[in-house]
């Protein structure tokens, strides 16, 4: 049921929107279950998949609310099927408790959050980049998570596929986080998924007696028992021991939570992804994501044409944050500029990572930051450097 | 006439022995309901490997851990939503939800009405003990009027929810209610629910002796169960009972049974037609 979509040819190229690319990437990655609830500006993903999934043997269901959609996705994944939901700000808030369940019980799933202006109902049709912290810390308690921040329509396609690969490989929820601008922007995308091999979670095998659902193996990723395969395990949101049954025994609780973090930290080389553009000699380093990074690329080009040494560092995997890569990229920079569509969430992470103050452009008016805005600030910083 | 040994039913075949002793209070009706469920599964010869139990939070939610099956103890109020995803993704599994009155009617009320309306093949077993027992005895949507709980020190002033009437109004294909006093009857009702091709809602009137009973001086467990027995009116006798004398009697037995199309099969049929046709 999780095979790669064979109907997508090797060299297919298509003019699609970001949300359409997301749906295509998900199906290409083997997603065969989607549960959702209508919300602007993500609804096109649900609409596309409601047509496409039944064609490839999958299931689409529109649930009664955002919470139910997240729950149904986790339920489908517990049954062994690759599953995804898509939402935006208010819906992302509502899904958080169940995202924490998926993190704690280690159920692979993909959550798309198309960022719109907030707080509360905010600006449904206007972009923002203000859910970076919520993606990391949105559910209660301590847990690790993976969040990806693609910067173009083509990258939404490839990162949607990678989101499933990471979710399956590491048995974790993965958040695909992009803003309303690229969600509804149309670009030509190379649909090259047929050349890839999609990851699938490791299924339990061997005798039932010796199988432990949350055993701490050498790679810290437990093999999952598929219902029907004879293991008959218990899955719970309570803290649990290696057996899967609830425990509050301090050593068992500590060991399991440590493993959740180790599971990702140990494999950072497989998880991390960044783009470094002209960082080697940059006097001014711009750090940006999504549509702001798109604008920053143009700004870097304009500055370079003027002979100004400006570079761009762009996290594609945003959580866990690529701190080592950023420190390396910023080692020689005299100034760091963070343009972002919120009041300082990326700035907070960058300053903490680099241990120094940075310059910022914070735009939270529902408009996108323009290349000219970034170029002007970067040029001024470069000339003063 | 209803003797376990005649059916060769041994409850131990369906329990996880490593989880015993269970944590239910002395006198709690939930254990009786669990036994009836396991007995029904035995009668229907449902394979444990193909059985998925999804439960929410609360005393009822804890029962899934005791059953030797594929068990999922999920978030508060959401077991029906999790089960919907699981049953749609895996139509080969037999999916049963175990939930309580708070889990199913308060925090999870929205999921119940839409599960009834959608009519996906699921069995929802709601154990109604009139109280939030796990958290210490707060008022629930099914607490009877004037009863004392830790959050209604003046007596409950909200009318109690009739879960079966709600499920019926929302369109459930199968609705039934039974008390723990009649275990074989309860088993037969659960069996009928499990055999129903669509969504089945089964309410079990359970008793919380330790917390709710103690708070309201309702006596020991047998006394509470006997009181429940006197409060019911089997559906089969609905026409013969002189209802004006017992206006509050709760109807029991199979209350609704219809054969409207099951959601999962209808979806798969439409999808097969689409996949076979032009895109």
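Just so it is clear, none of the values below were taken in a lab; they were calculated from the coordinates. Predicted model only: the values in this text are computed from it and were never measured. We place every Cβ from the backbone using ideal geometry, glycine too, and count neighbours over all the protein chains shown.
Remarks
- Per residue of B:112-118, other chain Cβ atoms within 10 Å of the residue Cβ number 2 on average.
- Diffusion coefficient, µm² s⁻¹, Stokes-Einstein with Kirkwood Rh over alpha-carbon pairs of the range B:137-233 at 25 °C and 0.890 mPa s: 167
- When the helices of chain A are scored as -39500 (n - 2.57) per DSSP H run of n ≥ 4 and the total is divided over every residue, the value at 222 nm lands at -11500 deg cm²/dmol.
- Highest mean packing first, where packing is the average number of other Cβ atoms within 10 Å per residue, the peptides B:138-150, B:77-89, A:97-109, A:268-280 line up as B:77-89, A:97-109, B:138-150, A:268-280.
- Rounded if a/c under 1.5, otherwise prolate or oblate - the protein assembly as shown, Cα gyration tensor axes: prolate
- Rounded tilt (10° steps) of B:79-89 against the dominant C-alpha axis of chain B: 20
- The mean number of Cβ atoms from other chains found within 10 Å of a Cβ in peptide A:100-107 is 1, as a whole number.
- Distant alpha-carbon pairs in chain B (separation over 25 angstrom), percent: 44
- Just so you know, the Rg over Rh for the range A:133-258 is 1.06, from Cα atoms, with Rh as the Kirkwood radius.
- Calculated on alpha-carbon atoms, Rg and Dmax of the range A:275-384 in Å: 12.3, 35
- Listed peptides A:312-323, B:214-225 appear in the order A:312-323, B:214-225 once ranked by packing, highest mean of other Cβ atoms within 10 Å at the front.
- C-alpha long axis of helix A:153-170 to longest principal axis of chain A, angle in °: 40
- Alpha-carbon centroid distance for the pair the range B:190-231 / the range A:233-287, whole angstrom: 44
- More than 13 angstrom apart: percent of Cα pairs within the range A:76-129: 62
- Pairs of alpha carbons in the range B:35-93 whose separation is greater than 12 Å (percent): 67
- Angle between chain A longest axis and helix A:250-265 axis [Cα atoms, degrees, rounded to 10]: 50
- As computed over the range B:71-192, the Cα convex hull volume per residue (Å³): 114
- Per-residue shielding of B:58-64, expressed as the average number of other chain Cβ atoms within 10 Å of the residue Cβ, stands at 1.
- Computing Rg and the Kirkwood Rh from the Cα coordinates of chain A gives a ratio, Rg/Rh, of 0.98.
- Using the rule -39500 (n - 2.57) for each DSSP H run of four or more residues, divided by the residues of chain B, the 222 nm mean residue ellipticity is -9000 deg cm²/dmol.
- Separation of alpha-carbon centers, the range B:73-135 and the range A:104-120, rounded to whole Å: 23
- For the range A:12-195, projected area of the alpha-carbon convex hull averaged over all directions, nm²: 9.1
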